[in-house]
Amino acid sequence: MKIYRAIVAIIVLLLPIISVAQNKPEVTLYDVRKADGTHEVFKITTKKASILPVWSPENRTTAPITTDKAISLSKAWANKQYINFESYDVNSIKLLRINWPELNDRWYYLIEFTQRIKGYGSSGSYLFVVVLMDGSIVAPQKD
């Protein structure tokens with residue numbers, strides 16, 4: 001009987017997450033209009049958002065992904081995506097909550113880099129990278 005109650009309790013707890021995933025297929029994490037006029041949008045599915053680690057900075061525990069790890073992951077991703085750039089200087093790091101009431105306590109990093117062109121120095125443009133708390137990178141979609 002205890003196992004049955006535990007299963008029912010788990011199902012009841014998961015129903016809000018399942019209904020969110022079925023009703024709204026995408027969560028927009030961040031969007032930015034860059035200096036060159038391009039518009040980039042960072043989105044994930046609600047299913048992906050619902051399975052991210054639950055964490056809150058208010059709990060005073062270490063984040064599932066540290067800022068050092070987020071920077072390392074984002075630079076590795078950027079080096080594969082943008083081969084004409086020599087390096088990336090961190091301009092800012094933001095820790096942001098996924099803005100969906102049904103998906104409380106799921107956070108991500110938004111890292112802004114200045115790109116350095118091989119042989120020329122700063123490109124004058126910025127690169128934004130979203131790192132989720134499971135270590136995955138969200139590629140921007142051009143709008």
(Q) Suppose each label sits 7 Å from its Cα in the direction of the beta carbon; what would the D68-R97 distance come out to in nanometres? (A) 2.8 nm
(Q) Just to confirm a number: summing +1 for Lys and Arg and -1 for Asp and Glu over residues other than P57 whose beta-carbon lies under 14 angstrom from that of P57, what do you get? (A) +2
Q. What spacing in nm lies between the two simple spin-label points modelled at D143 and T45, each 7 Å away from Cα in the Cβ direction?
A. 2.2 nm
Q) Mind ordering 98-107, 56-65 by average Cβ neighbours within 10 Å, highest first? A) 98-107, 56-65
Q. Given the convex hull of the Cα atoms of the stretch 38-107, what is a quarter of its surface area in nm²?
A. 6.3 nm²
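Here, each number is a calculation from the coordinates, and none is a lab measurement. Please read all numbers here as calculations on a predicted model, not as lab measurements. Every residue, glycine as well, gets a Cβ built from its backbone with ideal geometry; the counts of neighbours run over all protein chains shown.
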